[in-house]
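**Student:** Sharing a structure with you now.
Derivation of every value follows stated rules applied to the coordinates shown; laboratory data play no part. Values in this document were obtained by computation on a predicted structure and should not be read as measured data. With ideal geometry, Cβ positions are generated from the backbone for all residues, glycine too; neighbour counts draw on all protein chains shown.
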Protein chains: 2
Amino acid sequence: MAQRLSTDAHYKTLVDQYDTWLFDCDGVLWEGTRLIPGAVDVLAYLRKLGKSVLFVTNNATQSRVSYKAKFDKLGVEAHVDEIFGSAFAAAVYISTVLKFPKDKKVFVVGMSGIEEELREEGISFLGGTDPADNTLAPFSLEHWTPDPAVGAVLCGLDTAMNYTKMSKAFQYLLRPGTEFLATNSDSTYPTAHGLLPGAGACAAPIITALGRQPLSIGKPAGTMLECIKAKHDFDPKRTIMVGDRLNTDIEFGKNGGLATLLVLTGITKEHEVFGPNPSPTVPDFVTQSIGDLRALI
Amino acid sequence: MAQRLSTDAHYKTLVDQYDTWLFDCDGVLWEGTRLIPGAVDVLAYLRKLGKSVLFVTNNATQSRVSYKAKFDKLGVEAHVDEIFGSAFAAAVYISTVLKFPKDKKVFVVGMSGIEEELREEGISFLGGTDPADNTLAPFSLEHWTPDPAVGAVLCGLDTAMNYTKMSKAFQYLLRPGTEFLATNSDSTYPTAHGLLPGAGACAAPIITALGRQPLSIGKPAGTMLECIKAKHDFDPKRTIMVGDRLNTDIEFGKNGGLATLLVLTGITKEHEVFGPNPSPTVPDFVTQSIGDLRALI
């Protein structure tokens, strides 16, 4: 049973108990471009107490560097080495686990965030934001020469998704041995004005045509936690994951042996935890908003 | 167990047994723009014997009228009232089963074939080929005013699929009571140069974001057969469905109580019927190609 936090004593105990705080961003710290009230103060307070603050996002539309600019714009203190995105984790996975040689390439269904992280890891790629692949003109296999060096397809949220990119990705994946990766499988993407299709929805045409699922790198998969462990020392027993989604953030924390705090400022609604038919994924703690911790300041 | 046809006697018995011949087109009569050898002769022969010849296609990119032009171009005799497409069946379903009033609209994720058939049935629509919805420019809910008259979303193969159209369709479907329809759910689309993502793949982003399936109108659903029955008198016992796909054509025939003939010039490979792990969908008859019936001429 999840513990509902509401009193100063609850928040005090929570803060005392955990040294490393992993935060999801969309739906926790902000919604689109609108800050969650109190988020900045609470993050500053945790830092003042000497807590380690890290940001773990499935958003792969931006690299860590450009994501940092978003923090800056919203006035939230963050450093690039505190930011872990699924595009970064995917690039690290391709270079360290798949050990892609220099002459192998990744076909990208996604945006500049993925491209920047692949470039940073020294991985060659095509597709992505290439104007030739961002077109609504008819696509024909007759006039296309596939690149024999492609050894993986990597999908993320792609607001320029189109039939040409989907068709090429599908064709590459029909070749035996091509790895099928996704930055994350979030079905929707929360904005300040409502939900839009997420990364999982952008990969769906390929999944459907192909009849098989990609390996998803982002939360709730453990690959992201491996990336964090490689850069930061932390004790899982004194680490808490704060998120708004049961099937990504909370699952991620539980899979990694971390404590979990669900906030209700994003995707998950209260009845999914405390209603008559609760989700099987049970967070350790639930509070309305990260801003609730202002009670301690 | 499917009967493998190979001798003149087999083909003679088959032709004697059935008066109405329903043909799938892609993969049976042609592959993309390449005719299957012998198809024209066999169709002409069946007509000469006084057989009723009908064309039943899940292809919703073209209306019956523009599909007829494809038959003409390839030199295959066909008449508009012999052609049944999933776009036509969807339009008929919306007007006769859903009984859409004049002031309700359909949001189309698809191409001109769907628009032409909706127009023919007097159904208002938006989306589809509207230039405003065929863009790779960023989409934001903040700058979009949904049309309150939209009562259904209809998806078909859309080679101009994009994030704006997917997002609008998804948003309309989040409104209670919006009908979610698909012309068909084919995962792939066969062309002369290989497979491309099909109508099911084009609807997949919406299905994934929404977490529910559309009502699919085309084969193997019975809606298409209802459409045919409304226009043509036939005895199911003396009717045969000829197709290249087990999970659409052959299922469709079996669901409708028709005999079924699988040809191997399209999607289905021989081992799926006669291999060690055959598909649970068993056609009555199998032959290499519709051209095999030339043996009788």
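**Student:** Averaging over every viewing direction, what projected area does the convex hull of the Cα atoms of the range A:1-67 cover, in nm²?
**Tutor:** 5.8 nm²
**Student:** Would you please give the FRET efficiency between B:Lys229 and B:Glu120, computed as 1/(1 + (r/R0)^6) with r the Cβ-Cβ distance and R0 = 22 Å, to the nearest 0.05?
**Tutor:** Efficiency computed from Cβ-Cβ geometry: 0.70.
**Student:** A follow-up question, please. GluC sites (Glu not before Pro), restricted to the range A:16-82: which are DSSP loop and have at most 13 other Cβ atoms within 10 Å?
**Tutor:** Those that pass, being in a loop and sparsely packed, are A:Glu77.
**Student:** I've got another one for you. What relative contact order, as a whole-number percentage, does chain B give when Cα pairs under 8 Å and 6 or more residues apart are counted?
**Tutor:** Answer for chain B is 23 percent.
**Student:** Chain A: longest stretch without exposed trypsin sites (Lys or Arg not before Pro) (DSSP loop, at most 11 other Cβ within 10 Å), sites themselves excluded?
**Tutor:** Here the longest run is A:103-211.
**Student:** Report the relative contact order of the range A:100-216, percent, no decimals, based on alpha-carbon pairs under 8 angstrom and at least 6 residues apart.
**Tutor:** 25 percent
**Student:** Can you list, largest first and rounded to whole Å, the semi-axes you get for chain A by taking the square root of 5 times each eigenvalue of its Cα gyration tensor?
**Tutor:** Working from the Cα gyration tensor, I get semi-axes of 36, 19, 17 Å.
**Student:** A further question follows. Taking the Cα centre of the protein assembly as shown as the origin, how large is its charge dipole in debye, to the nearest 20, when only Lys and Arg (+1) and Asp and Glu (-1) carry charge on their Cβ atoms?
**Tutor:** Dipole magnitude for the protein assembly as shown comes out near 320 debye.
**Student:** Can you compute the FRET efficiency between A:Lys48 and A:Leu98 using 1/(1 + (r/R0)^6), with r the Cβ-Cβ distance and R0 = 35 Å? Round to the nearest 0.05.
**Tutor:** Rounded to the nearest 0.05, the efficiency is 0.30.
**Student:** Give me the inter-chain shielding for A:151-164: mean count of other chain Cβ atoms within 10 Å, whole number please.
**Tutor:** That average works out to 3.
**Student:** If you project the alpha carbons of the range A:12-107 onto their three principal axes, what span does each projection cover, largest first, in Å?
**Tutor:** If we take the Cα atoms of the range A:12-107, the spans are 52, 30, 18 Å.
**Student:** Within 10 Å of each Cβ in peptide B:202-213, how many partner chain Cβ atoms are there on average? Round it to a whole number, please.
**Tutor:** For this peptide, the per-residue mean of nearby foreign Cβ atoms is 6.
**Student:** Report the semi-axes of the equivalent ellipsoid for the range B:87-216 in whole Å, largest first, where each axis is √(5λ) for an eigenvalue λ of the Cα gyration tensor.
**Tutor:** The equivalent ellipsoid of the range B:87-216 has semi-axes of 21, 19, 14 Å.
**Student:** How big is the convex hull of the Cα atoms of the range A:155-196, per residue, in Å³?
**Tutor:** Convex hull of Cα atoms, per residue: 74 Å³.
**Student:** Over the Cα atoms of the range B:143-275, how large are the radius of gyration and the largest Cα-Cα distance (Dmax), in Å?
**Tutor:** Expressed in Å, the Cα Rg and Dmax of the range B:143-275 come to 17.5, 57.
**Student:** Classify the protein assembly as shown from the C-alpha gyration tensor, please: rounded if a/c falls under 1.5, else prolate or oblate depending on whether a/b exceeds b/c.
**Tutor:** Prolate.
**Student:** Size of the dipole of the range B:87-216 about the Cα centre, Lys and Arg at +1 and Asp and Glu at -1 on the beta carbon, nothing else charged, in debye to 20?
**Tutor:** 340 debye
**Student:** Another question, if that's okay. What number do you get for the range B:234-297 when its Cα radius of gyration is normalised by 2.2 N^0.38 Å, N = residues?
**Tutor:** Against the compact-globule rule of thumb, the ratio is 1.11.
**Student:** What residues from the range A:108-145 fall in the zone where the backbone N is under 14 Å from a label point 7 Å along the Cα-to-C-beta line of A:Val80?
**Tutor:** Only A:116-122 pass the distance filter.
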